[in-house]
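**Student:** One structure, as structure tokens, below. Some questions next.
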Amino acid sequence: MKCLRLTFICIIWVLGLQLHAQELPVITYPFQTIEWKNNSTITPVADLCMDEAGYLYIATKEGVLIWDGNRMRNIAHNPGDSTSLISNDVNAIISAGNNKIAIITNSGLAILDTKTNILDQSNAINLSGNGFNGIKYVEIDNKNQLWLANEKNIVVYNTDTKV
């Protein structure tokens, strides 16, 4: 009996040497590197959002970068242009529906029309004059209202009625 048990253990051990587990497959993820070459230092990204057309909007401290899948362009503040971004210091960005992107800067909120790619300053609200600056958080509800907040205040803004 001991001999049979010992033979069985030896057979299992020899077969065990011949058997091995399958190798794990190598998983590759299809990441694409996006480079913005504007001959300046790289600025940290504050927020990201994607619109209905699939464009990626990247909020930075130097404005908003827009990636269309092929090229990158920049929206920034230009003191001589009243239709430019209200401030380059962008804290948050969110798709506001109806082809609109809400851009939240330290100076206030601006709405970008993605159909025309024009930043309409008549849609911009400057909250810093009311003591409400430094907007850090934004969410949109099912009534198309933006909820803007900083550490002390909350404001609601309707992107359709602009109130």
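The values are calculated or read from the model by the stated rules, or taken from the named source; none is laboratory data. Everything quoted here is computed from the prediction, not taken from an experiment. Heads up, the Cβs are rebuilt from the backbone with ideal geometry, glycines too, and the neighbour counts pull from every protein chain shown.
**Student:** Quick one: how many residues across the range 69-83 are in a strand (DSSP E or B), of a type in the set (D, E, K, R) and under 25 Å from residue 134 (Cβ atoms)?
**Tutor:** Residues in the range 69-83 being in a strand (DSSP E or B), of a type in the set (D, E, K, R) and under 25 Å from residue 134 (Cβ atoms): 0 in total.
Each row is one residue, and each column tells you yes or no for (1) among the polar types (S, T, N, Q); (2) part of a loop (DSSP other than H, G, I, E, B); (3) within 22 Å of residue 145 (Cα to Cα); (4) modelled with pLDDT of 85 or more.
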site: 29; (1), (2), (3), (4): no, yes, no, no
site: 37; (1), (2), (3), (4): no, yes, no, no
site: 41; (1), (2), (3), (4): yes, yes, no, no
site: 85; (1), (2), (3), (4): no, yes, yes, yes
site: 102; (1), (2), (3), (4): no, no, yes, yes
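**Student:** Please go through the range 78-88 and pick out each residue that is without any contact (Cβ under 8 Å) to a residue 40 or more places away in the chain and β-branched (Val, Ile, Thr).
**Tutor:** 83
**Student:** Right, next: Just name the residue that is nearest to residue 97 (Cα to Cα) out of those in the range 135-155 that are at pLDDT 80 or above and of a type in the set (Val, Ile, Thr).
**Tutor:** Only one residue tops the list, namely 140.
**Student:** Just checking, which of 98, 91, 106, 117 is closer than 28 Å to residue 143 by Cα and touching a residue at least 60 places away in the same chain (Cβ under 8 Å)?
**Tutor:** 98
**Student:** Within the range 106-134, track down each residue that is buried (at least 20 other Cβ atoms within 10 Å of the Cβ) and either modelled with pLDDT of 85 or more or touching a helix residue (DSSP H, G or I) at 6+ places or on another chain (Cβ under 8 Å) (or both).
**Tutor:** Result: 107, 108, 110, 111, 112.
**Student:** Can we say residue 75 is in contact (Cβ under 8 Å) with a residue 24 or more places away in the chain and farther than 19 Å from residue 136 by Cα?
**Tutor:** yes
**Student:** Answer yes if at least one residue in the range 59-68 is in a loop (DSSP other than H, G, I, E, B) and at pLDDT below 85, and no otherwise.
**Tutor:** No, every residue in the range 59-68 fails to be in a loop (DSSP other than H, G, I, E, B) and at pLDDT below 85.
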